[in-house]
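For reference, the structure discussed in these notes is given below.
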Amino acid sequence: MNEPLHLLDLKRQYAMHSERFEQAMREVCANAQFIMGPALDSFEKNFAGYVGTGHAIGVASGTDALRLACEALHLGPGDEVLYPANTFIATALAVRQVGATPIPVDVGEDHLMDLDDLRAKANSRTKAIIPVHLYGQALDMGALMDIADELGLAVIEDACQAHGAKWNGTRCGGFGHLGCFSFYPGKNLGAFGDGGMVTTNDDALARAILNARNYGQSAKYVHDSLGGNSRLDALQAAVLDIKLAMLDDWNAARFEAALEYTRLLEGSSVEVPLFDQENPHRHVFHLYVVLCDDREGLMQHMAKRGIHCGIHYPVPVHLQKAMADLGHHAGACPKAEALAPRLLSLPIFPEIRKDEIERVAAAIREFNGDAPLPA
Ligand SMILES: *Cc1c(COP(=O)(O)O)cnc(C)c1O
């Protein structure tokens, strides 16, 4: 049998750059500045410069970034927050953690928040929108910010899958009042553990997050607010700083892989994702997601050939048991609900080889009895 091909293979990246990663970690250990300190300062400064915001604040995870953003905006009980029904559950969990109510918005053919349904779901209780740049694809932030301004709503971008993606020249995380990132190892920019970041141009919001992540401390042993402990540690920051310099190249390699999949799957029985093939920045392909009909059968066929796919996500967030108390039933977001059983994520990561992409595409075509691979 062929060597297994996983949805994501992190070992290759480590093997290629281990010297540099280990050198950066050795420096942190030798200086013994594990919490806050120069490695974190450097990464925060470089990440703010990369996204193009005045501030970037390292935190413990993407989920915490979202929760701290909700807290900084004083969202709480009675407030409604609009989010897309197809996302990772953390988007809505953060809203629940501050006691506010996440309201699911349906998605369009591009899997992103549908702006007509967004308008339809907004009411006098609505306080904020959390757009998600799902799969690495930048939402039309011009149109979204126009709606938010018109309705007087705060915007928290969930850019946890979209490090480096751009809409109209500006990177995701640079549009909203706050931008949230995850450095979970499998993300386009991933740490060797958990980590996250909040970006903002607003000095007061930045101050609130800086305090909240560090025991509500405005200066040593001066506690003006009730904070917690949610920091990005120096070992992670040092590794992420090295990786940040490689992110654009890695994203370009993902885009090339996506173009190749799209070419090889044309005319097959799966539907390939819609994206602007001329613009290598709008979509950074955290995931390459196709639509298929017999997903169970196709996944089994692929697994027999050593190819492991993923599903993002099998159940829309509002239909998860954890959200049942909110009373959002099937039918609330019909398009997202119809897409969920058809979604299939194919292996994609910067180091994936052309022959591996061919192997995946050939296996899909074989299962469906499609014509063989195009030349
Ligand atoms: C990964 C992810 C999160 C959560 O980030 P963690 O670092 O795992 O807490 C939130 N939203 C989306 C869309 C994600 O993909």
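What residues have an amide H closer than 5 Å to that of Val155, excluding those fewer than 5 places away on the same chain, when H is modeled at 1.01 Å from N in the peptide plane?
Long-range HN contacts for Val155: Ile129, His177, Leu178.
Taking only the C-alpha atoms, wrap a convex hull around the stretch 235-303 and report its volume per residue in Å³ as a whole number.
Measuring per residue, one finds 122 Å³ for the Cα hull of the stretch 235-303.
With +1 assigned to the C-beta of every Lys and Arg and -1 to the C-beta of every Asp and Glu, and no other charges, what is the dipole magnitude of the stretch 156-281 about the Cα centre in debye, to the nearest 20?
Using only the charged Cβ atoms, the result is roughly 500 debye.
Could you tell me the accessible area of His328 in Å² (1.4 Å probe, neighbours in place), rounded to the nearest ten?
Result for His328: roughly 40 Å² accessible.
May I have the pair-distance distribution P(r) for the stretch 26-139, computed from all Cα-Cα distances with 5 Å bins from 0 and rounded to whole percent?
2, 11, 17, 17, 17, 14, 10, 6, 4, 2, 1, 0
Per-residue HN-Hα couplings for the stretch 330-340, Karplus 6.51 cos²θ - 1.76 cosθ + 1.60 at θ = phi - 60°, whole Hz, x for Gly and Pro?
4, x, 5, 9, x, 6, 5, 5, 6, 6, 3
Scan around Leu5 for amide H atoms under 5 Å from its own, H built in the peptide plane at 1.01 Å from N, and keep only partners 5 or more places away or cross-chain.
Those qualifying (amide H under 5 Å, at least 5 residues apart or on another chain) are Ile307, His308.
Need the C-alpha centroid separation for the stretch 272-325 versus the stretch 35-56, integer Å.
One Cα centre to the other: 32 Å.
Residue by residue through the stretch 74-83, what is 3J(HN,Hα) from phi via Karplus (6.51 cos²θ - 1.76 cosθ + 1.60, θ = phi - 60°)? Round to whole Hz and write x for glycine and proline.
6, 6, x, x, x, 8, 9, 10, 8, 9
Rank Met302, Met16, Met323 by mean-square fluctuation in a GNM of the chain with C-alpha springs under 10 angstrom and give only the top-ranked residue.
Of the options given, Met16 has the highest mean-square fluctuation.
How far apart, in nm, are the 7 Å Cα→Cβ label points at Asn123 and Lys304?
A separation of 5.1 nm, rounded to one decimal place.
As an exercise, identify the trypsin sites (Lys or Arg not before Pro) in the stretch 196-252 lying in DSSP coil whose Cβ has no more than 13 other Cβ atoms within 10 Å.
The qualifying sites are Lys220.
What nm value, rounded to one decimal, do you get for the distance between Asp116 and Glu256 when each label is placed 7 Å out toward the C-beta?
For the pair Asp116/Glu256, the computed spacing is 4.0 nm.
Any chance you could look up the accessible area of Tyr184 with a 1.4 Å probe, heavy atoms only, rounded to 10 Å²?
130 Å²
Find the all-direction average of the projected area of the Cα convex hull for the stretch 140-285, expressing the result in square nanometres with one decimal place.
In nm², the orientation-averaged hull projection of the stretch 140-285 is 11.5.
Which Cα, out of Phe367, Val272, Leu319, lies furthest along the positive dipole direction of the stretch 266-375 (beta carbon charges, K/R +1, D/E -1)?
Comparing the listed Cα positions along the dipole, Leu319 ranks first.
Under a point spin-label approximation (7 Å from Cα along Cα-to-Cβ), what is the Ser42-Ile311 distance to one decimal in nm?
Spacing of the two 7 Å Cα→Cβ label points: 4.4 nm.
Please build a GNM for the chain, connecting alpha carbons under 10 Å apart, and tell me which residue among Ala219, Ala324, Ala361 fluctuates the most.
Ala219
Once fully extended, how much extra length lies between Arg353 and Leu373, figured as 0.36 nm per residue of separation less the alpha-carbon to alpha-carbon distance?
Extra length available between Arg353 and Leu373 comes to 5.6 nm.
Show that you can apply the helix-only estimate: for the chain, add -39,500 (n - 2.57) for every DSSP H stretch of four or more residues, divide by all residues, and state [θ] at 222 nm to the nearest 500.
Rounded to the nearest 500, it is -12000 deg cm²/dmol.
Considering the chain as a Gaussian network with a 10 Å cut-off on Cα pairs, which listed residue, Ala303, Ala48, Ala162, attains the greatest mean-square fluctuation?
In the Gaussian network model the winner is Ala303.
Carbon and sulfur together cover what percent of the accessible area of the stretch 131-219 at a 1.4 Å probe radius?
Heavy-atom surface of the stretch 131-219 belonging to carbon and sulfur, 1.4 Å probe: 46 percent.
Once the mean 1/r over all distinct Cα pairs of the stretch 2-49 is inverted, what Kirkwood radius in angstroms do you read off?
It works out to 13.2 Å.
In the stretch 286-374, what trypsin sites (Lys or Arg not before Pro) fall in a loop by DSSP, with at most 11 other Cβ atoms inside 10 Å?
Passing both the DSSP loop test and the Cβ count: Arg353.
What are the ³J(HN,Hα) couplings of the stretch 294-304, residue after residue, when phi is run through the Karplus curve with 6.51, -1.76, 1.60 and θ = phi - 60°? Round to Hz, x for glycine and proline.
Values per residue, Gly and Pro as x: 8, 5, 4, x, 5, 5, 5, 4, 5, 4, 4 Hz.
Report the gain in length on full extension from Glu19 to Ala322: 0.36 nm times residue separation, minus Cα-Cα distance, nm rounded to one decimal.
Contour length minus the Cα-Cα distance gives 104.8 nm.
With every protein chain left in place and a probe of 1.4 Å, what is the accessible surface of Met25, to the nearest 10 Å²?
Rounded to the nearest 10, that gives 50 Å².
Determine the alpha carbon to alpha carbon distance for each of Lys187/Lys335; Lys45/Lys335; Lys11/Lys335; Lys11/Lys166; Lys304/Lys354 and list only those over 30 Å.
Those over the limit are Lys45/Lys335; Lys11/Lys335.
Per Stokes-Einstein, at 37 °C and 0.692 mPa s, what whole-number D in µm² s⁻¹ belongs to the stretch 290-329, with the Kirkwood radius over Cα pairs as the hydrodynamic radius?
The estimated diffusion coefficient comes to 269 µm²/s.
Identify the chymotrypsin sites (Phe, Trp or Tyr not before Pro) of the stretch 36-77 meeting these criteria: DSSP loop state and at most 13 other C-beta atoms within 10 Å of the C-beta.
Passing both the DSSP loop test and the Cβ count: no residue.
Please compute the length gained on full extension between Asn2 and Asp248, using 0.36 nm multiplied by the number of residues separating them and subtracting their Cα-Cα distance.
This chain segment gains 85.5 nm when fully extended.
With N set to the number of residues, divide the alpha-carbon radius of gyration of the chain by 2.2 N^0.38 Å and report two decimals.
This ratio for the chain stands at 1.00.
The values are calculated or read from the model by the stated rules, or taken from the named source; none is laboratory data. Remember, it's a predicted structure, so these values are computed and weren't measured experimentally. Methodologically, a virtual Cβ is constructed for each residue, glycine included, from the backbone with ideal geometry; neighbour enumeration extends over all protein chains shown. The protein model used for the area step is the full one, side chains on, heavy atoms only, and it has no ligands, DNA or RNA in it. Shrake-Rupley method; radii C 1.70, N 1.55, O 1.52, S 1.80 Å.
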